[in-house]
Amino acid sequence: MTTIDIDHVSRWFGNVVAVNDVTMTIGPGVTGLLGPNGAGKSTLINMMGGFLAPSNGSVTLDGQPIWRNESVYRSIGVVPEREAMYDFLTGREFVVANAELHGLGAAEAQRALATVEMEYAQDRKIATYSKGMRQRVKMASALVHEPSVLLLDEPFNGMDPRQRMQLMDLLRRMGAEGRTVLFSSHILEEVEQLASHIEVIVAGRHAASGDFRRIRRLMTDRPHRYLVRSSDDRALAAALIADPSTAGIEVDVTEGALRIQAVDFARFTALLPEVARAHSIRLLTVSPSDESLESVFSYLVAA
């Protein structure tokens, strides 16, 4: 059972702290690394893959340090988000080159191309590939040596629905085989479909950990903010403010609306239409004003 341990790891670039005192363990199965863009996910994956040294703390593979330890590359495959590739090569030539770096040959490269269903385009130049095809040929190069650990940075970017389903099926199979698979994403539904375990990172900090139900519950239980327009905003505010499901209501004169902070999501969503009906108030607009990933995850960091 191959395990990556991240122990009080920080990484900074000059005065910018990209990862701040993160501790987590990535074990067999499929783990989703979830967080908004710029959260530090790529920096973490680069440290797990041995491309970056931690500024502080340690990243180990089964107890062995990853940084400047060539032996770990026999066990690790990495699919980076960046698209810097050798466009003048064909897909097959690119994967064969990676196979040869591991002391392998064309047979292993062909098997890897078949695994990601890229045989049909293997003799085309990479310069002609779509973004989804580039992702798949990078995947083939990462799988050519049958690694026990696979690290993927936003692997579904640019893939069409069929390609996404194929890759999800492949990653599920690898997780079921006992391999350690970690993929990053900023899309919650993507992680829900694939990951058995989720690690949440925000602004370089480890925000939450658990299965999808626990992460979804944390997000649902956080305070929610709504922008509400009605036929009588002041009467609606007076009726709602007395209920414990609301923590604050502000009359926004510029927007001609109420800004409401709800601390009990389920109770508030049931209460609002009931109060409006009881006071003969028409609801014109009810919209969440803080549903961005940044706001959701920032709450988890502060919780």
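The values are calculated or read from the model by the stated rules, or taken from the named source; none is laboratory data. Only a predicted model underlies this, so the values are computations on that prediction, with no experimental measurement involved. Positions of Cβ are backbone-derived with ideal geometry, glycine not excepted, and every protein chain shown enters the neighbour counts.
Some values worked out for this structure:
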| item | result |
| --- | --- |
| Exclusive hit being aliphatic (A, V, I, L, M), over 30 Å from residue 17 (Cα atoms) and either assigned to a helix (DSSP H, G or I) or under 14 Å from the mean Cα position of the chain (by Cα) (or both), set 171, 182 | 171 |
| Residue 27 more than 25 Å from residue 133 (Cα to Cα), modelled with pLDDT of 95 or more and surrounded by fewer than 17 Cβ atoms within 10 Å (Cβ to Cβ) | yes |
| Where residue 45 falls short, out of the listed (1) out of contact with any strand residue (DSSP E or B) (no Cβ under 9 Å at 6 or more places or on another chain); (2) crowded, with 19+ Cβ neighbours inside 10 Å | (1) |
| Test set (1) without any contact (Cβ under 8 Å) to a residue 40 or more places away in the chain; (2) assigned to a helix (DSSP H, G or I); (3) closer than 22 Å to residue 195 by Cα - residue 140 fails condition number | (1) |
| Candidates 176, 127, 106, filtered to the one that is farther than 21 Å from residue 90 by Cα, out of contact with any Cys (no Cβ under 7 Å at 6 or more places or on another chain) and surrounded by fewer than 19 Cβ atoms within 10 Å (Cβ to Cβ) | 176 |
| Residue satisfying all of: in the stretch 155-168; more than 15 Å from the chain's Cα centre (by Cα) and of a type in the set (S, T, N, Q); nearest to residue 114 (Cα to Cα) among these | 166 |
| Contacts under 9 angstrom Cβ, first residue in the stretch 195-218 being at positive phi and crowded, with 19+ Cβ neighbours inside 10 Å, partner modelled with pLDDT of 85 or more and charged (D, E, K, R), 6 or more apart | 204/11; 204/21 |
| Of residues in the stretch 103-121 being over 20 Å from residue 84 (Cβ atoms) and part of a loop (DSSP other than H, G, I, E, B), the one nearest to the chain's Cα centre (by Cα) | 117 |
| Selection within the stretch 222-241 - hydroxyl-bearing (Ser, Thr, Tyr), within 37 Å of the chain's Cα centre (by Cα) and assigned to a loop (DSSP other than H, G, I, E, B) | none |
| Condition met for residue 37 (among the polar types (S, T, N, Q), touching a residue at least 60 places away in the same chain (Cβ under 8 Å) and assigned to a loop (DSSP other than H, G, I, E, B)) | yes |
| Considering residues of the stretch 47-78 that are assigned to a helix (DSSP H, G or I) and within 24 Å of the chain's Cα centre (by Cα) only, the residue nearest to residue 109 (Cα to Cα) | 73 |
| Matching option when the condition is assigned by TED's automatic domain parsing to the domain that holds residue 93, closer than 23 Å to residue 3 by Cα and among the small types (Gly, Ala, Ser), among 121, 114, 203, 207 | 207 |
